[in-house]
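Have a look at the structure that comes next, please.
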Amino acid sequence: MRAPHRNMTHSGTNINDFVASVFVASEVEEEDEPWAPPNHRRGGRRRRRSRFAGLPLALKMVAGVVVLAAFVTLADRWALLYAERRAADVLKDRMHLSAAPEVDIGGFPFLTQLADGRLKSVKVTVPDVAASRVTLARVTATAHDVRLNAPDGPASVRGAGIPRLDGDVLLSFDDLNRELGASQVTFTGRGHDRVLARGTFPVAGHDLRLRADASIGRDGDHGIATQIGGMQLDIGDLATYRPGTRASEGLHLTRGSAARLTHEKNKARALFAVPAVVRRLGVPDWAVRDALRSDSELARVTGSPRFIHQAMRLNLIDLALDHPELLKRLGFDPAVLDALPRLTRPVLADRLSLGFRLPTPHSGELRLRDVRVEKDGIRVRIEGSGLAVGRSR
């Protein structure tokens, strides 16, 4: 039993000696090497460099290609923006525009198209273009497969050929109201081919209410025209003037004005005092004599539906020539009666005309494809072929 005890003691001694030697060795190392603060940055840099260095060669090549493509794309976009701005300035000068148009060159990449001498598409938007009596609110045209004439390279572009072009023209109702209506007539759309004109029209110092309908359509392949119908000028609630020579046209009392003759006895007696008017009214002579002697009989005759109908059929323009004092007693201004016959249908139609024609190009053909009335104005779709800008070849 003693032998094991001796072994444990010896083993314990060896363990103690080992632990002591470890501490001594550590102290010796600390004394031999002077202390210095740790440098984490250098270690971090070494770690980052080692990580990048460990990337596969294929991945490095992909990253390089991506960076190169980004620079090429950026250069292409800068060249595109410069070309669009330069084209806008040239169009502004040649078309004498107040502002440069918007130019949008389609297709990618741009530099490859430029080197090849062909552009996939070029879209130009021009605002506020003068066209005869009206202003075109916006003209948009897209040229397809544009062929550049650049004999000495992309920097020497002299012109372009346009095999095909399409676009549209907008005549804004806001512009029509300002330019044709002089802020007194308002144009609005009704259906796909009609425009309504409503407002006031100055005649001999009086603002008469104007109503007219315009039918919009193509005038051949190069213009649009308007057929003005339903034109009338209202003189308050007294009478309505419709230019023309038919029985329904001319100057006529309104229904309300004719019905008021029942209560306006002086005006009714003024009518019955003129034999020519009595014949047109179709009132028998005996009824006229009774009406002139009795207010009740006068009210009975003038209040009948037949009398109101006949009074509305009287063309007061004819009466104004022979009996100007009669119409003055009915409440008409003689100056208005003198001016109305000069407002013929052609004169009023010209004041309300919305038509215009496309310009004739130097080469190729430009034509109308469709005309349609929309909420904001009249839209005209156009198409062209064989056009040229500058020197195409």
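Looking at residue 363 and the list (1) without any contact (Cβ under 8 Å) to a residue 12 or more places away in the chain; (2) more than 30 Å from residue 193 (Cβ to Cβ), which single condition is not satisfied?
(1)
Quick check: is even one residue across region 310-318 under 52 Å from the mean Cα position of the chain (by Cα) and not in a helix (DSSP H, G or I)?
yes
Next question. Can you tell me which residues in region 345-366 are over 22 Å from residue 254 (Cβ atoms) and either more than 24 Å from the chain's Cα centre (by Cα) or loosely packed, with under 14 Cβ neighbours inside 10 Å (or both)?
Filtering region 345-366 for residues over 22 Å from residue 254 (Cβ atoms) gives 346-347, 349-366.
Answer for region 345-366, where residues must be over 22 Å from residue 254 (Cβ atoms) and either more than 24 Å from the chain's Cα centre (by Cα) or loosely packed, with under 14 Cβ neighbours inside 10 Å (or both): 346, 347, 349, 350, 359, 360, 361, 362, 363, 364, 365.
Report yes if some residue within region 348-355 is touching a residue at least 12 places away in the same chain (Cβ under 8 Å), touching a strand residue (DSSP E or B) at 6+ places or on another chain (Cβ under 6 Å) and either assigned to a strand (DSSP E or B) or under 30 Å from residue 143 (Cα atoms) (or both); otherwise report no. Full working, then the answer.
Going residue by residue through region 348-355, those that are touching a residue at least 12 places away in the same chain (Cβ under 8 Å) are 348-349, 351-355.
Then drop every residue that is not touching a strand residue (DSSP E or B) at 6+ places or on another chain (Cβ under 6 Å), which leaves 348-349, 352-355.
Imposing the further condition that a residue be either assigned to a strand (DSSP E or B) or under 30 Å from residue 143 (Cα atoms) (or both) reduces the set to 354-355.
Within region 348-355, one or more residues are touching a residue at least 12 places away in the same chain (Cβ under 8 Å), touching a strand residue (DSSP E or B) at 6+ places or on another chain (Cβ under 6 Å) and either assigned to a strand (DSSP E or B) or under 30 Å from residue 143 (Cα atoms) (or both).
Say we look at region 288-309 and pick out the residues that are among the hydrophobic types (A, V, I, L, M, F, W, C) and over 24 Å from residue 247 (Cβ atoms); which of these is nearest to the chain's Cα centre (by Cα)? Give the derivation first.
Kept after step one, since they are among the hydrophobic types (A, V, I, L, M, F, W, C), are these residues of region 288-309: 288, 291-292, 298-299, 301, 307-308.
Keeping just the survivors that are over 24 Å from residue 247 (Cβ atoms) gives 291-292, 298-299.
On the way: 291: 62, 292: 63, 298: 59, 299: 57 Å.
In this case the residue turns out to be 299.
Right, another one. Before we move on, is residue 252 over 19 Å from residue 324 (Cα atoms) and modelled with pLDDT of 90 or more? I'd like the intermediate steps shown before the answer.
Details: over 19 Å from residue 324 (Cα atoms): no; modelled with pLDDT of 90 or more: yes.
So residue 252 does not fit the description; no.
The values are calculated or read from the model by the stated rules, or taken from the named source; none is laboratory data. Bear in mind that the values here come from a model prediction, so they are computed numbers and not experimental data. Positions of Cβ are backbone-derived with ideal geometry, glycine not excepted, and every protein chain shown enters the neighbour counts.
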